[in-house]
Amino acid sequence: MTTIITARHASPIGEIIIGACDNRLYLCYKRGDKLQAAIHRHLCRHLSDNDLRYMPGTSDVIRRAASQLDEYFDRKRTTFDIPLSLIGTDFQRAVWHSLAEIPYGATASYKELALRAGNPGAVRATASAIAINPLTIFIPCHRIIGSDRRLTGYSGGLEAKKFMLEMEAGINRLTGSGV
């Protein structure tokens, strides 16, 4: 049985669930995320643990992750240095590593990310790997946009995605101007 310690953390995009086990971050997603159940099934399958449990609490990793999220939302941090547990197939991990390489304030399309992940013909598979990302923000799937440069799906909601992209671009949401 695997137990992931979880904590709730307030943020400008809503409450975030942070989860850690074995001194590594396993989860970071917006509470109410429409893919929460799918992420749980994904972790159970790849951990070979149908008895995966969650226990409220805290740990050093959770405290550090919460602090770094606060710094991110305060525009004081553009990268993270929390040890992450990337649980998935080789292809999913390749996609997530490619996502993590998209710089703060930049975006890429699903097609561009498939190319970066080494499989340019796997746009749909890339989109599926992005959708099951259990470490949003730390693995910045909000930086993926459509080939037409429009905002596309985000499990935490398009408003949260728009907020983070505008924040990273330095746009003041109240005035619409750069900060």
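Within the stretch 43-148, the proportion of C-alpha pairs whose separation exceeds 19 Å stands at 50%.
Normalised by 2.2 N^0.38 Å, with N the number of residues, the alpha-carbon radius of gyration of the chain equals 1.00. Measuring max minus min along each principal axis, the C-alpha atoms of the stretch 9-51 give extents of 35, 25, 12 Å (largest first).
Principal semi-axes of the equivalent ellipsoid, √(5λ) from the alpha carbon gyration tensor of the stretch 28-90, are 25, 13, 13 Å from largest down. Summarising the strand pairing of the stretch 14-153, around 55 percent of its internal DSSP beta bridges are antiparallel.
Every number in this text was worked out from the coordinates using simple rules, so none of it is lab data. In this text, all values refer to a predicted model and were calculated from it rather than measured experimentally.
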